[in-house]
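Student: Handing you this structure, nothing more for now.
The values are calculated or read from the model by the stated rules, or taken from the named source; none is laboratory data. All figures in this text were calculated on a predicted structure; none of them were measured in a lab. Using ideal geometry, Cβ is built from the backbone for each residue, glycine included, and neighbour counts are taken over all protein chains shown. Ligands, DNA and RNA are excluded from the accessible area calculation, which covers all protein heavy atoms including side chains. Shrake-Rupley method; radii C 1.70, N 1.55, O 1.52, S 1.80 Å.
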Amino acid sequence: MARSEFLSGSGDGRGGFEDGDGFDGIICIGGEDWWYHNRGHFDFQIMRRLAKRWPVLFVNSLGVRMPGLSDSRVFAQRIGRKLKSLSRGLVEAEPGFFVFSPVTAPGRLAEQMASWALAPQIRLASRRAGLKRPLLWVHCPAGAKLTQEIPAAGVVMQRTDRFEAFPEADPELVGSQIAHLKSRADLVVYAAPHLMMEEKDEVQRQLLVTHGVDFDAFLAAGLEQDRLRLPGSGDRCGPADMEGIARPRIGFIGGVDRHTFDPDLYISVAGLLPQMQFVMVGGCSLPEDWCQLANVHQLGRKPYDEVASYMAAMDVLIMPWNKSDWIAGCNPIKLKEYLAVGRPVVTTDFAALDPWRDLVSVADGAEDFATAITRAVEQPFDASAGRSRVRFESWDAKGKLVGDALVELASELRSRVGSKAA
């Protein structure tokens, strides 16, 4: 069924074309896996909020890269997680928010499976979730061909990550998938203004939705730690696995992956500041022995609900990004979380930092980075400016912005089809 034919239906009940929103739900081809990735990601946050207005079928990441065999530990972890995810099938994880893990494969094999294996699985899951006239939202480029296989009231591309910059991805394949999505999408959603401007002539319609923050949760965690550190109250650390870690604590919270994180810079900086304790919270895909410094503490992946308490237990929060194409096109979510929790921030430079430069310290090179950390530890810090700036950047507000834009898009597409029919 062609998309124009699908749009011309009369509809029935909530979401019908005559008196509803023009669609009755959303199929999201996600860029992550709900069951093991951090819940702070853009598509998770937005879809959970859209699920309060329409049913959402979140399809776990299809994979844009073939797991490498060079690190057997990482390979085994990825395969094990994927098998566990597949075993869950279709689950209503939250009211109106359905999560589905289809059987598929990464790389070019997934392209070949799209029509005869992948699309039928998603169509069946969609029907089981009660969707008859969904919008198709695609984040993972491996879902590009689904725009031709799944009838949809409209196609939205989420362009918040440069998937073509994944080191293990096939750049030719992923590049062609992204080009296909740009040509098919009725709307492309960006989080980074500079990337949106760079591609303004390549897509039909754009929407800028910078990342949000669960402001109240991160603010509360920061204030609670501030209270516990007042004179006479002792210095209770918060998370139990940080009790033995002395201060000052320099924290990095997030995935430790080579396409974003700069391990050489991190090791150099930690080596220059042996009197400080460097704490890492998040999954790591680097070799197990990548850092052997005694003042570096790797605490591993934590549930999203605990992330704020770890951030709050730090004295300085850092973002030691590399200079990859991925970082050049990104808008890191953790920046607003860092500011909301209320700790000094030291970071390497990246384009999306422009509106926030007055609130952070930008460093170039290990010595500059170490100097900025030392300054942040020694000088008094006022968190109010950063908190005031991000107070109204909530994920709820971002979800409403997206939801309203989708209704407007569906109305425009419906009018366009009606005009052609007339």
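Student: In a solvent-free Debye calculation with one equal scatterer on each Cα, what is log10 I(q)/I(0) for region 111-211 at q = 0.12 Å⁻¹, listed in the order of the q values?
Tutor: At q = 0.12 Å⁻¹ the computed log10 ratios are -0.41.
Student: Using the Cα gyration tensor of region 312-372, with a ≥ b ≥ c the square roots of its eigenvalues, what is the shape: rounded (a/c below 1.5), prolate (a/b larger than b/c) or oblate (neither)?
Tutor: Taking the square roots of the gyration eigenvalues as a ≥ b ≥ c, region 312-372 is oblate.
Student: Residues with beta-carbon under 15 Å from that of Trp356, excluding Trp356: net charge, scoring Lys, Arg +1 and Asp, Glu -1?
Tutor: In short, +2.
Student: For region 315-393, report the accessible area per residue in Å² (1.4 Å probe, heavy atoms, rounded to an integer).
Tutor: 42
Student: Which value, in Å² and to the nearest 10, is the accessible area of Met319 when all protein chains are kept and the probe is 1.4 Å?
Tutor: Accessible area of Met319: about 0 Å².
Student: Amide H of Glu92: which non-local residues (sequence gap of 5 or more, or other chain) have their own amide H closer than 5 Å, using H built in the peptide plane?
Tutor: Val99
Student: Using the Karplus curve 6.51 cos²θ - 1.76 cosθ + 1.60 with θ = phi - 60°, work out ³J(HN,Hα) for each residue of region 381-396 in order, rounded to whole Hz, and write x for Gly and Pro.
Tutor: 10, 10, 7, 5, 5, x, 5, 4, 5, 9, 3, 9, 9, 5, 5, 4
Student: For region 339-398, what class follows from the C-alpha gyration tensor (a ≥ b ≥ c being the square roots of its eigenvalues): rounded when a/c is under 1.5, otherwise prolate if a/b is larger than b/c, else oblate?
Tutor: oblate
Student: To the nearest 0.05, how large is the calculated FRET efficiency for Asp264 and Ser415 if R₀ is 56 Å and r is the Cβ-Cβ distance?
Tutor: Once rounded, the FRET efficiency stands at 0.55.
Student: Tell me, what ³J(HN,Hα) does each residue in region 171-187 have, in order and in whole Hz, if you take phi through Karplus 6.51 cos²θ - 1.76 cosθ + 1.60 with θ = phi - 60° and put x for Gly and Pro?
Tutor: For region 171-187, the Karplus-derived couplings read x, 5, 5, 5, x, 5, 5, 5, 4, 4, 4, 4, 6, 8, 6, 7, 8 Hz, x marking Gly and Pro.
Student: Given N residues in region 239-342, what is Rg(Cα) / (2.2 N^0.38 Å)?
Tutor: That ratio works out to 1.02.
Student: Quick one: order Val407, Val402 from most to least accessible surface, probe 1.4 Å.
Tutor: I get Val407, Val402, largest accessible area first.
Student: Rounded to the nearest 5, what is the percent of antiparallel bridges among the DSSP beta bridges in region 219-325?
Tutor: The antiparallel proportion sits near 10 percent.
Student: Rounded, prolate or oblate: which fits region 166-298, taking a ≥ b ≥ c as square roots of the Cα gyration tensor eigenvalues, rounded meaning a/c under 1.5, else prolate when a/b beats b/c?
Tutor: Oblate, since a/c reaches 1.5 and b/c is not below a/b.
Student: In 10 Å bins starting at 0, how do the alpha-carbon pair distances of region 275-422 split up by percent?
Tutor: Values per bin, smallest distances first: 9, 30, 33, 13, 8, 5, 2, 0.
Student: Give me the extension gain from Asp364 to Asp201: residue separation times 0.36 nm, minus the current Cα-Cα distance, reported in nm with one decimal.
Tutor: 55.4 nm
Student: With a 1.4 Å probe and all protein chains left in place, how much of the accessible area of region 219-357 comes from carbon and sulfur atoms, in whole percent?
Tutor: 53
Student: To the nearest Å, what is the center-to-center distance of region 303-348 and region 142-198, using C-alpha atoms only?
Tutor: Each part's Cα centre sits 26 Å from the other's.
Student: Going 7 Å from the Cα of Asp349 along its beta-carbon direction, which residues of region 318-340 have the amide nitrogen within less than 20 Å of the resulting point?
Tutor: 318-332, 335
Student: So which of Lys132/Lys302; Lys182/Lys398; Lys200/Lys302; Lys145/Lys336; Lys182/Lys323 end up more than 32 Å apart by C-alpha?
Tutor: Flagged as over cut-off: Lys132/Lys302; Lys200/Lys302; Lys145/Lys336.
Student: Can you sort Asp257, Asp368 by solvent-accessible area, 1.4 Å probe, largest first?
Tutor: Heavy-atom accessible area, descending, gives Asp368, Asp257.
Student: What accessible surface, in Å², does a 1.4 Å probe find on Glu367, ignoring ligands, DNA and RNA and rounding to the nearest 10?
Tutor: The value for Glu367 is about 140 Å².
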